[in-house]
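Enquirer: Got a structure here, written out as structure tokens. Questions coming.
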Amino acid sequence: MNATVAIAKGTNLFLLLLMTNGKLILGIDPGTNIMGYCLLQFSNNKYSIVDIGSLKLSKLNSHIEKLNGIVNFIDKFLHEHKPDILAIEEPFFGKNVQSMLKLGRAQGTVMAIALLNNIPIVEISPRRVKQSVTGSGSASKEQVAAMVGVITGYNTSKLDADSTDAAAIAISYTLQKISDTTSIKKSNPKNSWDAFVRNNPDKLVK
């Protein structure tokens, strides 16, 4: 069952959520061994997961084969579901240069296929995703998965972290539009999604 955010029509938040109403958002947590994906629909102020899972690529022998697997999967997925937006986690800096290069190639491959299909792309930092969905930029993957379940009403207990991370990326796209438009400071915990849920339990219906 979906979670519904019941918001009064006179509020700016309602109007901002309306901007993304009816959109199909494809969230991607890129990777060359495991790539999480989630097709999220935001309609009538409800978040619903249309499709979610992870593409397993670790058994493929070479990095090129893995990139080809991503190409085939994403191209087929876009043609079948025709999402309105691709929300993808942006590159981050790590100590392992080789891992960073491989991750960057995976991200670039997904983005290239989206561009070929004329699908707008939004990059969101890992910290911004966590901040938007849980209210904390340092939230654990377990906390992210739990909030994805609360927001969407989807049973996330049997999903892997790559899948729930992809869902969080898609969700954070809508919440980022709210944050950007209203100039909410990420450092202010009073304006976080976590604070909204905590302070308005009657407005979140499972």
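Read-outs: derived from the displayed coordinates by stated rules, not from any lab. The model shown is predicted, which means the values in this text are computed figures rather than measured ones. Backbone-built Cβ (ideal geometry, glycine too); neighbour counts: all protein chains shown.
Enquirer: Picking from Ser54, His81, Val71, whose Cα lies most toward the positive end of the charge dipole for segment 42-90 (charges on Cβ: Lys, Arg +1; Asp, Glu -1)?
Expert: Looking along the dipole axis, the top candidate is Ser54.
Enquirer: Related question: Using 7 Å Cα-to-Cβ label points, what is the Ile34/Ser138 separation (nm, one decimal)?
Expert: 2.4 nm
Enquirer: Per residue, what volume in Å³ does the convex hull of the Cα atoms of segment 51-163 enclose?
Expert: Output value, Cα hull per residue: 124 Å³.
Enquirer: Once you've got the Cα coordinates, tell me which of Lys23/Lys59; Lys23/Lys102; Lys82/Lys130; Lys46/Lys66; Lys59/Lys130 are over 28 Å apart.
Expert: Going by Cα-Cα distance, Lys23/Lys59; Lys23/Lys102; Lys46/Lys66; Lys59/Lys130 fall outside the 28 Å limit.
Enquirer: Also, I was wondering about something else. What ranking, highest mean first, results for peptides 24-31, 146-153, 112-119, 163-170 when packing means the other Cβ atoms within 10 Å averaged over each residue?
Expert: Highest to lowest by the protection proxy: 163-170, 24-31, 146-153, 112-119.
Enquirer: While we're on this one: Obtain the nm distance between the two label points defined at His81 and Gln98 by a simple spin-label model: each point lies 7 Å from its Cα along the Cα-to-C-beta direction.
Expert: Placing both labels 7 Å beyond Cα along the Cβ direction yields 3.2 nm.
Enquirer: With each pseudo-label sitting 7 Å past Cα toward Cβ, what's the Asn118-Phe73 distance in nm, one decimal?
Expert: Roughly 2.7 nm, to one decimal.
Enquirer: Can you give the net charge of the other residues whose Cβ lies under 13 Å from the Cβ of Gly104, counting K and R as +1 and D and E as -1?
Expert: Its environment carries a net charge of -1.
Enquirer: Each residue of segment 130-135 in order: what ³J(HN,Hα) in whole Hz does its phi give by Karplus 6.51 cos²θ - 1.76 cosθ + 1.60, θ = phi - 60°, with x for Gly and Pro?
Expert: 4, 4, 5, 8, 10, x
Enquirer: For Val50, list long-range residues whose amide hydrogen, built 1.01 Å from N in the peptide plane, is under 5 Å from its own amide hydrogen.
Expert: Correct list: Leu39, Leu40, Gln41.
Enquirer: Can you list residues whose amide H is under 5 Å from Leu57's amide H, if they're 5+ apart or on another chain and H is modeled 1.01 Å from N?
Expert: Ile34, Met35
Enquirer: Amide H to amide H under 5 Å from Ala87: which residues, 5+ apart in sequence or cross-chain, H placed 1.01 Å off N in plane?
Expert: Amide H to amide H, under 5 Å and 5 or more residues apart or across chains, Ala87 pairs with Leu26, Gly27, Ile28, Val122.
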